[in-house]
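Here it is, the structure, as structure tokens.
The values are calculated or read from the model by the stated rules, or taken from the named source; none is laboratory data. Owing to the predicted nature of the structure, the values given are computational and were not obtained by experimental measurement. Every residue, glycine as well, gets a Cβ built from its backbone with ideal geometry; the counts of neighbours run over all protein chains shown. Keep in mind that these areas ignore ligands, DNA and RNA; they rest on the heavy atoms of the full protein, side chains included. Shrake-Rupley method; radii C 1.70, N 1.55, O 1.52, S 1.80 Å.
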Amino acid sequence: MARAILRGITVSVGIAIGPCLFLKRRRQSIRHALVPKDRVQEESERLARAIEEAAAGFERVRSGLPPELKIQRDILTSQLMICQDRKLGSEAARRIREHRMNAEWALEECVTQIADTFSRLSSPYIRERIEDVRLVADRIQTRLAGAADALFPKMENGIILATDLTPADVAGLSKGNIAAFALEQGGPTSHSGILARGLLIPALVGVLNLGEKASQASTAIVDGLSGRLILDPEPAEIAEYQAMRERFAEYEKKVRKDAALPAETEDGERISVLANLENMVEHPDIASCGAEGVGLVRTEFAYISKPALPEEEDLYQEYLGMVRAAGRHKIVFRTFDAGGDKVIGSRKAPPEANPALGLRGIRFSLHYQDIFRTQLRAILRAGVSGNAALLFPMISGQDELKLAKSVLNEVKQELDAEKIPHARDIPLGIMLELPSTVLISDILACEVDFFSVGTNDLIQYSLGADRDNPQVAYLTRTLHPAVVRSIKLVVDNAHSAGIPVCVCGELAADLYNLPLLVGMRVDEISLAPQSIPTAKHLIRQMRASDCRELLREALSAPSGQTIGNMARLALYNRFPEDSDFFTCLPDTDIA
Ligand code: PEP
Ligand code: MG
């Protein structure tokens with residue numbers, strides 16, 4: 001196979017070099033055959049064995065995960081449950097018995113029937129469950145074909161290339177075994193990427209034409225700095241990247257050494273740098289990366305793919321652990337941002353043609369108030385043990401905010417009546433991720449204690465570009481002037497009302513954007529722990545006055561391309577030696 005270089009989107013930084021394996025979902029062509037009558041029993045046993053082996057595979061991976069990898073373990077538990085579900089096995093066995101289909105065919109028919117039954121429902125939850133069933137069936141088919149379990153290959157520092165990996169697949173990858181992955185699907189803020197960061201595995205998504213190019217490759221380099229995947233690299237490139245990997249490790253060591261220092265510019269302006277958390281796994285990393293608190297806990301992640309919704313006591317214990325671990329630092333709990341592409345528990349959103357525009361975030365919580373109230377009680381109760389704050393996602397305007405606040409007040413009154421200690425004065429913030437809230441941020445600023453700008457969704461909804469769709473990633477990755485102006489407006493309105501602003505979307509982790517955020521006087525940024533030491537290191541060497549100048553130019557720039565070039569140039573000029581290690585604006589020519 002010839003060498004090829006493909007472009008992708010970095011979702012987790014780092015460099016990996018190693019043997020690669022291309023995983024194509026449902027790769028086996030299913031063999032259809034009728035089984036002679038006297039071999040029916042044997043065929044049923046073959047199916048049962050394959051199911052058992054696949055289940056053992058799930059169990060093996062699950063038991064190999066450390067207990068802190070709670071989400072990953074839960075995801076594997078649900079896959080194991082599907083695998084062991086009597087209906088799947090016994091329905092397939094019935095087809096073998098009654099229709100004398102071979103095991104592969106019988107299993108395929110069962111899965112098709114399950115998918116057909118549910119295909120009328122367009123809920124993303126159902127689609128994900130069908131995908132889970134397919135994924136489990138794939139593993140059983142692999143066993144029937146006598147192949148090794150390709151999704152959990154035994155590879156020393158191997159690189160997984162695939163059309164797509166569900167968050168469940170990513171959860172099954174472990175560091176040491178898998179060095180990196182690259183996917184054809186996915187956008188810059190897709191969940192698989194967010195999970196990869198948690199596992200500290202370099203990862204690229206949106207690698208166009210990957211399927212076409214990768215199936216024959218045997219070695220790959222994932223360059224999660226410049227967003228490149230190199231297939232079957234030349235020996236000289238391998239040597240070059242090995243050296244680059246070492247230099248990057250040195251650089252990381254250097255910036256980590258001073259991670260505890262504050263992010264204060266040379267001319268004395270300070271910005272707080274906090275961490276985004278998806279799960280407890282990342283928690284140990286918080287202190288060592290220099291985070292000054294937790295700016296965003298994406299609470300819904302712990303319940304994606306979980307069959308049951310959490311009880312108040314479970315949530316309370318979970319949140320209490322996090323509040324205590326944060327110590328004197330602030331920790332901001334965002335209430336479930338369920339719906340859209342994130343589904344929690346077994347509560348099904350009604351079928352929706354456009355889930356991203358449907359019952360998600362605070363709308364989901366206001367619709368399913370039992371879930372909302374349970375979570376609020378748990379957060380308020382845990383809040384007495386530390387410095388917790390509360391954040392509502394996807395608020396679209398004042399009426400919705402008022403309704404959510406009235407539920408919060410009722411919950412506080414209930415806790416009062418029950419004499420249960422709770423954080424009565426917990427600071428309340430809202431996510432600004434819809435253009436509607438940007439435009440009325442002056443009004444909303446009088447209603448809350450802080451703002452948090454969710455740039456992933458703000459960009460998605462401002463530019464009308466699906467955040468998970470690689471075809472439109474060119475829109476979601478560039479810093480469109482409308483986005484710069486939106487954030488600036490939010491900051492100005494918040495400051496006029498005397499409240500602080502945090503920027504917590506991935507935009508803040510794109511280091512090229514930092515000078516603009518400093519220039520706007522954003523009070524806090526919250527980003528993946530992985531990116532924090534570098535962000536603090538860079539801010540310490542910036543001058544706020546230069547940042548202000550850059551911002552002035554950006555505010556009158558005509559396009560994202562122009563702003564991107566400006567931001568790049570500014571950072572390259574200021575940090576000529578480090579610039580190799582900054583990710584990752586799209587590759588635009590520097591004018
Ligand atoms: C955002 O939208 O920028 C954000 C931080 O929330 P999420 O990525 O979880 O939607
Ligand atoms: Mg969001």
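Taking the 0 to 90 degree range and rounding to the nearest ten, how far is the long axis of helix 481-497 tilted relative to the main principal axis of the chain, both from C-alpha atoms?
So the helix axis and the longest Cα principal axis differ by about 50 degrees.
Moving to a separate point now. Restricting to bridges with both residues inside segment 256-584, how much of the DSSP beta-bridge set is antiparallel, in percent to the nearest 5?
Of the beta bridges lying entirely in segment 256-584, close to 10 percent run antiparallel.
Here's a follow-up. List the residues, sorted by chain then number, that are 5 or more residues from L23 or on another chain and whose placed amide H is less than 5 Å from its amide H.
L161, A162, T163
Using each residue's phi in segment 44-50, evaluate 6.51 cos²θ - 1.76 cosθ + 1.60 at θ = phi - 60° and report the 3J(HN,Hα) Karplus result to the nearest Hz, with x for Gly and Pro.
Listing the rounded values in order: 4, 5, 4, 5, 4, 5, 4 Hz.
With a 10 Å radius around each residue's Cβ, average the other Cβ atoms per peptide and rank 370-379, 545-554, highest first.
370-379, 545-554
Hey, can you find the accessible area per residue of the chain for me, probe 1.4 Å, expressed in square angstrom?
Accessible surface, normalised per residue, equals 40 Å².
Karplus couplings for segment 463-468 from phi (6.51 cos²θ - 1.76 cosθ + 1.60, θ = phi - 60°), rounded to Hz, Gly and Pro as x?
Going residue by residue, I get 9, x, 10, 3, 5, 9 Hz, with x marking Gly and Pro.
Next question. For segment 256-584, what is the charge dipole size about the Cα centre, in debye to the nearest 20, if Lys and Arg each add +1 at the Cβ and Asp and Glu each add -1 at the Cβ?
Taking the Cα centre of segment 256-584 as origin, the dipole is about 80 debye.
If you take every DSSP beta bridge fully contained in the chain, what fraction is antiparallel? Give it as a percent rounded to 5.
Around 35 percent antiparallel, to the nearest 5.
So what is the 222 nm mean residue ellipticity for the chain from helices alone, if each DSSP H run of at least 4 adds -39500 (n - 2.57) and you divide by all residues, rounding to the nearest 500 deg cm²/dmol?
Calculated at 222 nm, the ellipticity per residue is -15000 deg cm²/dmol.
List, in the order given, every pair from K488/K536; K402/K536; K253/K536; K412/K488 whose Cα-Cα distance in the structure shown is over 25 Å.
Exceeds cut-off: K402/K536; K412/K488.
Right, next: For K405, tell me the accessible area in Å² from a 1.4 Å probe, rounded to the nearest 10.
50 Å²
Rounded to whole Å, give me the distance from the Cα center of segment 192-249 to that of segment 398-462.
If we compute the Cα centre of each part, the gap is 41 Å.
Report, to the nearest whole %, how much of the accessible area of the chain belongs to carbon and sulfur atoms, 1.4 Å probe, protein only.
Carbon plus sulfur share of accessible area: 51 percent.
Using Cα atoms only, what is the angle between the long axis of helix 124-144 and the major principal axis of the chain, expressed in degrees (0 to 90) to the nearest 10?
Helix 124-144 sits at roughly 40 degrees to that axis.
Given Cα pairs under 8 Å that are at least 6 residues apart, what percent is the relative contact order of segment 450-591?
28 percent
For the chain, max minus min Cα coordinate along each principal axis, in Å, sorted largest first?
Reported extents, whole Å, longest axis first: 84, 69, 39.
Contact order normalised by length for the chain, with contacts defined as Cα pairs under 8 Å and 6 or more residues apart; what percent is it?
Answer for the chain is 16 percent.
Compute the helix-to-body angle for 398-417: its Cα long axis versus the longest principal axis of the chain, expressed 0 to 90° and rounded to tens.
Tilt relative to the chain: about 80 degrees.
Then there is this: Using each residue's phi in segment 432-437, evaluate 6.51 cos²θ - 1.76 cosθ + 1.60 at θ = phi - 60° and report the 3J(HN,Hα) Karplus result to the nearest Hz, with x for Gly and Pro.
Going residue by residue, I get 9, 9, 10, x, 4, 6 Hz, with x marking Gly and Pro.
List the residues, sorted by chain then number, that are 5 or more residues from E292 or on another chain and whose placed amide H is less than 5 Å from its amide H.
Long-range HN contacts for E292: V273, L274, A275.
Next question, about the same structure. Please state the Cα pair-distance histogram of segment 256-584 with 10 angstrom bins from zero: what percent is in each bin?
The calculated distribution, bin by bin, is 6, 26, 35, 24, 8, 1, 0.
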